[in-house]
Amino acid sequence: VPEPDGMQSRFLLSGEYSDSSDLGGLDRLLRESPHGFFEAMRRTAGHLFFEMARECQRRGERFMVVEDGGYVAPVVHRWCLEGRTVAEAAAGWEISAERLPEADRSRPLREWLAPVFHGSVEHTRNGYEAIAAVAREFGGLAFPSLTIAISDFKVNGESRDVAYSCLHAIESILNGMGFALAERVALVLGSQGAIGRKTMRILEARLGADHLYGVDIVPPAAKPAWTYASAPESLAEEALAEVDLVFGVVGQSICTPGWIERLLRCTRKAHLFFASGSTKTAEFTHLSDWL
């Protein structure tokens, strides 16, 4: 659950629906030190992963991880390939080494997991890229990792529904504040990604090409009716004067403090809206820190 912490939110374990007393170390860590969404999710997922591995060791069973965002699999790959021990992994996931059999503490994590861990399946492009980065760095992976992130359905089917869902949420929030999406001039970060391309088509029909800008390191295959830029810094001041809705589906923060200040100097709009299509709220960490 989120808890306001200045301009950002810190995320804690909720006690409203289930008892979290058996997660004491993790619960204390999240309460005593601020964690944003992604890091809190990664800590929690790792803690539960390790506890599931211990339970499967005890029962003689096997398990696999199906995840939507690259929270645990990239870390497990990295720690196994770095040669970390079971005790080191336990400490990293807030589990006391005293709860482990002494004979297991010095064992390599990869060796300890091998009898019980099948592997992982990843649903998102961000998670896929995180695992692929580990594979490039180490020349391979520690266990099987599958993905549907770059499947035909995810890229060409589901992305359309995600784009509609995100824009519907933005429009609902704007309407609740007394504003209308149809009056906005939009800038889409990540305009050539799977979700970004669908978003551009929807917004071009809603707003018109003259009210639409797209930023992506990958240029469009054909010259679009809307204005394309390879980076936010490449947008002309005339564009920044009109843009009042920035929608990020790029998965990382590319709006630097310098660009934010330039936007504020140039804008002729009374209100600026920033919306993230990422569950990790990663698109605007620069903005949150700057504010």
Accessible surface of Arg125 - all protein chains present, 1.4 Å probe, nearest 10 Å²: 120
Per-residue HN-Hα couplings for region 233-247, Karplus 6.51 cos²θ - 1.76 cosθ + 1.60 at θ = phi - 60°, whole Hz, x for Gly and Pro? 5, 7, 6, 5, 4, 5, 5, 4, 5, 9, 5, 9, 9, 10, 10
Within 10 Å, Cβ to Cβ, of His123, how many net charges do the neighbouring residues add up to if Lys/Arg are +1 and Asp/Glu are -1? -2
Just read off the accessible area of Leu291 with the full protein assembly in place, 1.4 Å probe, to the nearest 10 Å². 110
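Counting DSSP beta bridges with both partners in the chain, what percentage is antiparallel, nearest 5? Before the final figure, lay out the partial values.
On the way: 5 of 27 bridges.
Antiparallel bridges make up about 20 percent of those DSSP assigns within the chain.
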Across His271, His123, His47, the residue with the highest GNM fluctuation in the chain (Cα network, 10 Å cutoff) is His271
With the chain treated as a Gaussian network of Cα nodes joined by springs under 10 Å, which of Glu39, Glu204, Glu55 yields the largest mean-square fluctuation? Glu55
Sorted list, accessible surface of protein heavy atoms, 1.4 Å probe, largest first, for Lys223, Lys269 is Lys223, Lys269
Would you grab the residues whose amide H sits under 5 Å from the one on Arg10? Only those 5+ places off in sequence or on another chain, please, with H modelled 1.01 Å from N. Glu3, Asp5
Of Ile131, Ile254, Ile173, which has the largest mean-square fluctuation in a 10 Å C-alpha GNM of the chain? Ile173
So for region 1-147: antiparallel DSSP bridges make up what percent, rounded to the nearest 5? 40
Once amide H atoms are placed 1.01 Å from N in the peptide plane, what residues at a sequence separation of 5 or more from Ser145, or on another chain, have their amide H within under 5 Å of its amide H? Ser120
Can you tally the lysine pairs in the chain where the Cα-Cα distance is under 23 Å and the two residues are eight or more apart, or on different chains? 4
Before I look further, what does the chain give for accessible area per residue, probe 1.4 Å, in whole square angstrom? 52
Ignoring everything but the protein chains, give the 1.4 Å probe accessible area of Asp22 in square angstrom, nearest 10. 100
Given Cα pairs under 8 Å that are at least 6 residues apart, what percent is the relative contact order of the chain? 12
Got a number for carbon plus sulfur as a percent of the chain's accessible area, 1.4 Å probe? 53
Arrange the residues Val188, Val155 by how much accessible surface each exposes, largest first, with a 1.4 angstrom probe. Val155, Val188
For the chain, calculated [θ]222 nm from helices alone, where every DSSP H run of n ≥ 4 adds -39500 (n - 2.57): -13000 deg cm²/dmol
Would you please give the residues with an amide H less than 5 Å from that of Gly248, counting only those at least 5 places away or on a separate chain, with H modeled from the backbone geometry? Leu189, Ala275, Ser276, Gly277
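The values are calculated or read from the model by the stated rules, or taken from the named source; none is laboratory data. These numbers come from a predicted model, not from an experiment. Because the Cβ atoms are built from the backbone with ideal geometry, glycine has one as well, and the counts that use them run over all protein chains shown. Calculation scope for accessible area: heavy atoms of the full protein, side chains included, ligands and nucleic acids excluded. Shrake-Rupley method; radii C 1.70, N 1.55, O 1.52, S 1.80 Å.
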